[in-house]
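To start, the structure itself, in structure tokens.
The values are calculated or read from the model by the stated rules, or taken from the named source; none is laboratory data. Source: prediction; values computed, not measured. With ideal geometry, Cβ positions are generated from the backbone for all residues, glycine too; neighbour counts draw on all protein chains shown.
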């Protein structure tokens, strides 16, 4: 971070907290207390959390008070983190934003949770999300929407909206989200924080409540690029419990951030800058590209003619997988069961209709249709072939350039309620993010300016397992752009209330 | 199966919605059925653009990455206890999950 040190420990990035712990200037208890005070101040408006355990967080912090400053302390010792509520936490309620999982307490931790605890992180609680991560605004949560800390009348993005809003508002130092079609990057952009979707297979999905298994990835949401790199390093790597997790060495991402991009070939995707782009988004993205050029990157215009077909292909493949993955919610092993069941099939059907929200039902229907006899070839198989076409196109483009850049979403955060009645309109928010999920490639959303009072994100995509290059490009941009003097409106208002002039 | 052209949205009629709901194990209300008929119709209509794409000999995307198919030794390891595995079930008895009758008792068998 290039700006002045923020007043509250709640606004300090994890790398800075670590330095403060080492110097004895702060303790984990002080940080957790500051974060809990912030939560108390802003949560009535933001509603980022579905579950918060303040006492447990304080206890864990106290355990780190002496050790967190040690030279050999684990990398996230005493750092408060929030977890998207589709990550299983042993004995701690996990709903994935769905009524059908109300009351569910997983019997095990997701691998990422185990790794975070081993790295010394303090788990604050579980964050709100669209039901089963299906949505782009967090309005599909069965437990009510989260609001954008920059403008509480607008959505925080989704589906990891609670995690993004929590980091933006200083309600957590770091957070984990999941990204199936943009669910880390889009809320990252809408909330003005860094959000990274890793390469498919970079991070274990064990304990992530499955939405679309060939697309889902867990990734970090953070205040800045250094923190995202730090968090990625801690969660990445092969896990025997997830057969799709890759046996690929995990680089020391934070130390690879040099900020040097001289000679970097910056592929500017023409199809991502055409038609329907909000002028504020176009301006901010254009300025970000020029800033990277001024830092020495070489602009190369790239065309990905099939990229626009990613959206329909995604909205066939993802629901198809969801329709299968969500078959397990039937009132038998966990979660809601209807009170009115006379026979087994009737129990399944009634339980599911009572427990699922509208968007989840819509996607189960869409996916079941696309997989059903007579439609499989025309829809599912064709979408999987388009997916392969897109994957090849992206991989080929990345042979000639080092990264691909463009906007994260066509607009800034939109008003609450604006798109909930129109599924297709909502899906359009994902038009630039879904191609990377289909292709399995990594992408980061990094703040690159504002449209009015709303943050805008630049998407930087890279080669498979090329997170280091993606993050370093984002880091170069972060350094090239002036540190934002602005603070989320909700946070500024809370601080005015707590320290009257 | 033949390579069908995607069906026109008019093909999303009430019967298809009912069939897909049955396959999905979703007991939809009449309002939901009407809503999804309209919405699925317009979603699938907008996806027609995929039908026009020339795909040549491009195969479907292959699942799996560098680790797919990794083998391990077939050794017993610790797993969930029965108690933990059943702790979230809505209804259990004697270490089993209880569900409504699968086969209806038509009275033909004496108790």
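Which numbered condition trips up residue A:392, out of (1) more than 8 Å from chain B (Cβ to nearest Cβ); (2) within 30 Å of residue A:472 (Cβ to Cβ)?
(1)
If only one of A:215, A:208, A:174, A:221 is over 20 Å from residue A:131 (Cβ atoms) and at pLDDT 95 or above, which one is it?
Numbers: A:215 fails: over 20 Å from residue A:131 (Cβ atoms); A:208 fails: over 20 Å from residue A:131 (Cβ atoms); A:221 fails: over 20 Å from residue A:131 (Cβ atoms).
Unique residue meeting the criteria: A:174.
Kindly indicate whether residue A:147 is in contact with a strand residue (DSSP E or B) (Cβ under 7 Å, 6 or more places away or on another chain) and either under 24 Å from residue A:117 (Cβ atoms) or surrounded by 24 or more Cβ atoms within 10 Å (Cβ to Cβ) (or both). Break it down stepwise before answering.
Details: in contact with a strand residue (DSSP E or B) (Cβ under 7 Å, 6 or more places away or on another chain): no; either under 24 Å from residue A:117 (Cβ atoms) or surrounded by 24 or more Cβ atoms within 10 Å (Cβ to Cβ) (or both): yes.
The answer is no for residue A:147.
Look at residue A:424 and say whether it is touching a helix residue (DSSP H, G or I) at 6+ places or on another chain (Cβ under 9 Å), assigned to a helix (DSSP H, G or I), within 12 Å of chain B (Cβ to nearest Cβ) and buried (at least 20 other Cβ atoms within 10 Å of the Cβ). Step through it out loud before you land on a result.
Values: touching a helix residue (DSSP H, G or I) at 6+ places or on another chain (Cβ under 9 Å): yes; assigned to a helix (DSSP H, G or I): yes; within 12 Å of chain B (Cβ to nearest Cβ): yes; buried (at least 20 other Cβ atoms within 10 Å of the Cβ): no.
Against the criterion (touching a helix residue (DSSP H, G or I) at 6+ places or on another chain (Cβ under 9 Å), assigned to a helix (DSSP H, G or I), within 12 Å of chain B (Cβ to nearest Cβ) and buried (at least 20 other Cβ atoms within 10 Å of the Cβ)), residue A:424 does not qualify.
Take residue A:115 and tell me if it is in contact with a helix residue (DSSP H, G or I) (Cβ under 8 Å, 6 or more places away or on another chain) and away from chain B (no Cβ under 14 Å).
Against the criterion (in contact with a helix residue (DSSP H, G or I) (Cβ under 8 Å, 6 or more places away or on another chain) and away from chain B (no Cβ under 14 Å)), residue A:115 qualifies.
Every residue, every condition in (1) closer than 13 Å to residue A:314 by Cα; (2) in contact with a strand residue (DSSP E or B) (Cβ under 9 Å, 6 or more places away or on another chain), yes or no:
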position	(1), (2)
A:390	yes, no
A:398	no, yes
A:408	no, yes
A:412	no, yes
A:419	no, no
A:424	yes, no
A:428	yes, no
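Which ones in region A:325-354 are over 31 Å from the mean Cα position of the chain (by Cα) and surrounded by 16 or more Cβ atoms within 10 Å (Cβ to Cβ)? So that I can check it myself, show each step before the final result.
We begin by selecting, within region A:325-354, every residue over 31 Å from the mean Cα position of the chain (by Cα); these are A:338-350.
Within region A:325-354, A:338, A:341, A:344, A:347, A:348, A:349, A:350 qualify.
Which residues, taken from region A:245-258, are assigned to a loop (DSSP other than H, G, I, E, B) and buried (at least 20 other Cβ atoms within 10 Å of the Cβ)?
First, pick out the residues of region A:245-258 that are assigned to a loop (DSSP other than H, G, I, E, B): A:245-252, A:257-258.
Selection gives A:245, A:246, A:257.
For region A:318-345, give me the residue count where each residue is under 29 Å from residue A:393 (Cα atoms), within 8 Å of another protein chain (Cβ to nearest Cβ) and in contact (Cβ under 8 Å) with a residue 60 or more places away in the chain.
Total satisfying the criteria: 0.
If I ask for residues that are crowded, with 22+ Cβ neighbours inside 10 Å and part of a strand (DSSP E or B), which ones from region A:30-59 would you list? Spell out the reasoning first.
Of all residues in region A:30-59, those crowded, with 22+ Cβ neighbours inside 10 Å come to A:31-32, A:35, A:38-39, A:42, A:46-50, A:57.
Within region A:30-59, A:49, A:50 qualify.
Among the residues of region A:15-53, count how many are over 17 Å from residue A:495 (Cβ atoms) and under 23 Å from the mean Cα position of the chain (by Cα).
Residues that pass the stated criteria total 11.
Of (1) facing another protein chain (nearest Cβ under 7 Å); (2) crowded, with 20+ Cβ neighbours inside 10 Å; (3) more than 20 Å from residue A:325 (Cα to Cα), residue B:49 satisfies all except one. Which?
With respect to (1) facing another protein chain (nearest Cβ under 7 Å); (2) crowded, with 20+ Cβ neighbours inside 10 Å; (3) more than 20 Å from residue A:325 (Cα to Cα), residue B:49 is out only on (2).
Filter region A:355-386 down to the residues that are more than 7 Å from chain B (Cβ to nearest Cβ) and within 28 Å of the chain's Cα centre (by Cα) and list them by number.
Of everything in region A:355-386, those that are more than 7 Å from chain B (Cβ to nearest Cβ) and within 28 Å of the chain's Cα centre (by Cα) turn out to be A:355, A:356, A:357, A:358, A:359, A:360, A:363, A:367, A:370, A:380.
In the list A:412, A:455, A:435, which residue meets the criterion of being in contact (Cβ under 8 Å) with a residue 24 or more places away in the chain, assigned to a helix (DSSP H, G or I), on the phi < 0 side of the Ramachandran plot and buried (at least 24 other Cβ atoms within 10 Å of the Cβ)?
Values: A:412 fails: assigned to a helix (DSSP H, G or I); A:455 fails: assigned to a helix (DSSP H, G or I).
Being in contact (Cβ under 8 Å) with a residue 24 or more places away in the chain, assigned to a helix (DSSP H, G or I), on the phi < 0 side of the Ramachandran plot and buried (at least 24 other Cβ atoms within 10 Å of the Cβ) holds for just one of A:412, A:455, A:435, which is A:435.
So that you can scan it fast, the table gives a plain yes or no per residue for (1) closer than 29 Å to residue A:190 by Cβ; (2) within 14 Å of another protein chain (Cβ to nearest Cβ); (3) in a helix (DSSP H, G or I):
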{"position": "A:240", "(1), (2), (3)": "no, yes, no"}
{"position": "A:243", "(1), (2), (3)": "no, yes, no"}
{"position": "A:260", "(1), (2), (3)": "no, no, no"}
{"position": "A:263", "(1), (2), (3)": "no, no, no"}
{"position": "A:282", "(1), (2), (3)": "yes, no, yes"}
{"position": "A:292", "(1), (2), (3)": "yes, no, yes"}
